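*Asks:* Attaching a single structure in structure tokens format; questions to follow.
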Amino acid sequence: MPILIGLFLVCLMLVPAGVHAKVLELSAADAYPYSSPEGEGVADRIVREAFRRIGVAAKVLYAPSERSLVNANDGMAAGEYLRIAGLEQYYPNLVMVPEPICEYQFTAFARDRGIRIKGWESLRPYNVGYITGWKILEQNVTGVKSVTTVRSEEALFELLRSGRADLVIFERLGGEAFLRRTGNKDIRPLSPPLARRDMFLYLNRRHESLVPRVAKALRQMKQDGTWRRIMASVPGNGT
């Protein structure tokens, strides 16, 4: 029996790191085409592939935007994506993986074709809506006529349809995908975008040792064409 136990321990030592480890549960709140409750969005696929390359299995937990951040910061999830840089100042238990997953174009959408937008200041005359927990919007949508925050993309675009907002702010590709899916031709994205930002994965500090390995895997995916193939699967994306 002691010999069998010894052999078992030796076998465990030979198993590559991450193979017998618990699956990492990562939280996400973004809409299609970036993420989905089934974990089949392009960001979901990019993140899972990056972890697969370092020998770690990962799956997506879907949650509303603010709750998703809190879950990761509190350790209820191993990490969270997609987020702008700098969130560690608000969520001190999160560490950013310093290689962007993709770029977001934060864009105003409207029904009124006479509205012209150029920069955050141009929002001031309008009633504006956005999703709770989008930090870049909390920081920059100020001094406007009114702000309404909601929990989902469905509720967001309903603000426009019902006339409760003049403008709503969302990510361009995600907004266009929603409008195609719902057959809504009255709402359109306004150009230029209010901002373009690289979007990142954050890990809870308990998993900080994985940060450089995941960043390296993401860079390799961009170099070998994997990242481009995944992103090109989004209709209307010329990446």
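*Asks:* Among E40, E103, E80, which is the only one that is in contact (Cβ under 8 Å) with a residue 60 or more places away in the chain, surrounded by fewer than 22 Cβ atoms within 10 Å (Cβ to Cβ), of a type in the set (D, E, K, R) and closer than 29 Å to S233 by Cα?
*Replies:* E103
*Asks:* Identify all residues within region 21-30 that are buried (at least 22 other Cβ atoms within 10 Å of the Cβ) and out of contact with any strand residue (DSSP E or B) (no Cβ under 6 Å at 6 or more places or on another chain); write none if there are none.
*Replies:* The answer is A29, and nothing else.
*Asks:* Among the listed residues L173, L179, identify the single one that is within 21 Å of I136 (Cα to Cα), assigned to a helix (DSSP H, G or I), out of contact with any His (no Cβ under 8 Å at 6 or more places or on another chain) and in the same structural domain as D112 (by TED's automatic domain parsing).
*Replies:* Result: L173 is the single residue among L173, L179 that is within 21 Å of I136 (Cα to Cα), assigned to a helix (DSSP H, G or I), out of contact with any His (no Cβ under 8 Å at 6 or more places or on another chain) and in the same structural domain as D112 (by TED's automatic domain parsing).
*Asks:* State the number of residues belonging to region 34-50 that are touching an Asp or Glu at 6+ places or on another chain (Cβ under 9 Å) and assigned to a loop (DSSP other than H, G, I, E, B).
*Replies:* Looking only at that region, the number is 5.
*Asks:* Go through region 83-131 and count every residue that is in a helix (DSSP H, G or I) and more than 15 Å from the chain's Cα centre (by Cα).
*Replies:* Summing the residues that are in a helix (DSSP H, G or I) and more than 15 Å from the chain's Cα centre (by Cα) in region 83-131 gives 6.
*Asks:* Any chance you could count how many residues in region 188-215 are part of a strand (DSSP E or B) and farther than 26 Å from V60 by Cβ?
*Replies:* Matching residues across region 188-215 total 2.
*Asks:* Go through region 139-160 and count every residue that is part of a helix (DSSP H, G or I) and surrounded by 14 or more Cβ atoms within 10 Å (Cβ to Cβ).
*Replies:* Result for region 139-160: 8.
*Asks:* If the requirement is being without any contact (Cβ under 8 Å) to a residue 24 or more places away in the chain and in the same structural domain as M221 (by TED's automatic domain parsing), which of these qualifies: G143, G86, G55?
*Replies:* Details: G143 fails: in the same structural domain as M221 (by TED's automatic domain parsing); G55 fails: without any contact (Cβ under 8 Å) to a residue 24 or more places away in the chain.
Matching residue, one of G143, G86, G55: G86.
*Asks:* Let me ask something else about it. Output yes when any residue across region 148-164 is within 23 Å of Y202 (Cβ to Cβ) and modelled with pLDDT of 95 or more, and no when none is.
*Replies:* Yes, region 148-164 contains a residue that is within 23 Å of Y202 (Cβ to Cβ) and modelled with pLDDT of 95 or more.
*Asks:* Just one of the numbered conditions (1) under 22 Å from A28 (Cβ atoms); (2) touching a helix residue (DSSP H, G or I) at 6+ places or on another chain (Cβ under 7 Å) is not true of R228; which one?
*Replies:* (2)
The values are calculated or read from the model by the stated rules, or taken from the named source; none is laboratory data. From a predicted model like this one, the values you see are computed outputs, not experimental measurements. Every residue, glycine among them, receives a Cβ derived from its backbone with ideal geometry; neighbour counts consider all protein chains shown.
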